[in-house]
Amino acid sequence: MSATAPSPSPDVQAVQVDSLTGLRGFAALAVVSVHASGRTDFDWFGIHGYGPVSLFVLSGFLLFSPWSRWTLGRSHRPVIRTFARRRLLRIFPAYLAVMLIVAVMLPVSQPVGFWGWVRALTLTGTFASDGLRPGLEQTWSLGTELTWYIALPFIGLLAGLVARRFGGRSAFNSTLVLLALSIPISVAWRIWTEVEDLGKEFTYSFWLPGFLVCFAGGAAVAHFLEGERAGLVDLSRVRSWFQNHWVLLAVVVVVVLVCNSALGGPTAYVPATFSERQVRFFCSTALALILLLAAVLSRPTSPQIRIMSSRFLTATGRWSYGIYLWHLPLIELIEDDFVHRTGFGGFLLWMSCIFAIAIPLGAATYAWVEKPAIEWSKRTRAAGRRKS
């Protein structure tokens with residue numbers, strides 16, 4: 001066992017937070033690019049599937065860190081009630097505001113019947129074949145995220161109960177083994193939904209098991225970092241790989257090319273084969289993990305960190321949830337009236353218009369809905385501590 005690694009300095013931590021926020025902004029822009037470009041002569045512009053997968057990986061990284069510290073005996077167990085309150089207030093206020101506004105502006109997006117409204121209001125639309133309404137289809141990922149919030153405390157408690165019986169390196173390894181089980185679970189789920197032909201009529205393919213490997217991958221990165229700080233692992237060699245920006249760039253380019261090659265299927269919104277969909281998925285997951293590792297292992301002065309922590313990407317990252325919510329109904333609302341979408345000039349005009357509207361809407365949603373909800377959740381938590 002090596003000596004305990006020092007925690008990053010406040011300046012390094014600030015840069016890392018900005019980089020992670022910038023990654024979230026990049027993921028949101030990737031989603032908008034893919035969805036918007038498909039309405040032009042260009043089948044898609046970007047990395048198909050990367051956006052939601054990257055957000056899942058980031059969620060796994062950020063939310064598992066406190067559980068990892070607890071499994072290693074470095075902090076108290078996370079309070080599940082506090083976790084649940086903060087997560088619900090983070091995801092639902094903005095979603096409900098956008099969903100209700102869009103229901104008025106885009107009638108076709110309105111849920112059908114009583115249970116349709118129940119599923120829409122509770123983000124359980126993927127539990128029925130008619131649950132994802134036009135203009136809000138992207139909210140499938142919020143339902144997947146919500147089930148991750150439900151599963152995480154069980155995963156964390158199980159990891160802690162096992163790890164704390166051993167201690168030291170065995171505790172670290174036992175949690176890694178638990179997280180690694182996500183690989184066969186996701187593979188088996190994807191094969192099962194394909195064999196049973198469930199994806200065409202229902203939305204089983206959107207359920208958490210199919211994407212569990214994304215969340216667990218981000219969680220594993222967090223666990224390795226916590227293990228390094230506890231002196232249980234040495235990441236110096238891995239850091240050297242990610243601090244070479246030319247090697248990092250080459251790896252990213254290769255993954256993107258494979259994802260957008262014939263192996264990943266046709267460059268259009270047409271049915272793809274099972275193998276083509278899996279190439280897209282695993283390339284997107286690999287890219288998300290590579291960029292996450294670059295954000296937390298690269299030097300603060302490296303080119304990749306300067307890009308990720310740029311003012312534009314960090315601002316977009318803060319507004320990313322609103323951008324994610326607004327962009328698809330915005331596309332549905334103006335698509336029929338926006339006739340100049342042909343050729344490269346039409347592509348640029350259309351994309352510029354979508355970004356010019358979606359980003360300010362995301363900023364407004366953050367300022368007027370998300371930020372007040374976040375602040376209120378913190379005040380509620382502080383009041384609870386004072387009462388106790």
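Structure summary
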read-out: Principal-axis tilt of helix 343-365 within the chain, Cα atoms, nearest 10 degrees; value: 60 degrees
read-out: Mean separation of Cα contacts under 8 Å, 6 or more apart, over the residue count of the chain: relative contact order %; value: 32 percent
read-out: Whole-Hz ³J(HN,Hα) from phi, Karplus 6.51 cos²θ - 1.76 cosθ + 1.60, for region 27-38, glycine and proline x; value: 4, 5, 5, 5, 4, 4, 4, 5, 5, 6, 5, x
read-out: 0 to 90° range, to nearest 10: angle between helix 274-297 axis and the chain longest Cα axis; value: 50 degrees
read-out: Length-normalised contact order for region 19-122 - Cα pairs under 8 Å, 6+ apart - percent; value: 14 percent
read-out: Most to least packed among 155-163, 76-84 [average Cβ atoms within 10 Å]; value: 155-163, 76-84
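Computed from the coordinates by the stated procedures, all read-outs in this text should not be read as laboratory data. A quick note: this is a predicted structure, and the numbers were derived from the prediction, not measured. Neighbour counts are summed over all protein chains in view; Cβ atoms, including those assigned to glycine, are modelled from backbone coordinates with ideal geometry.
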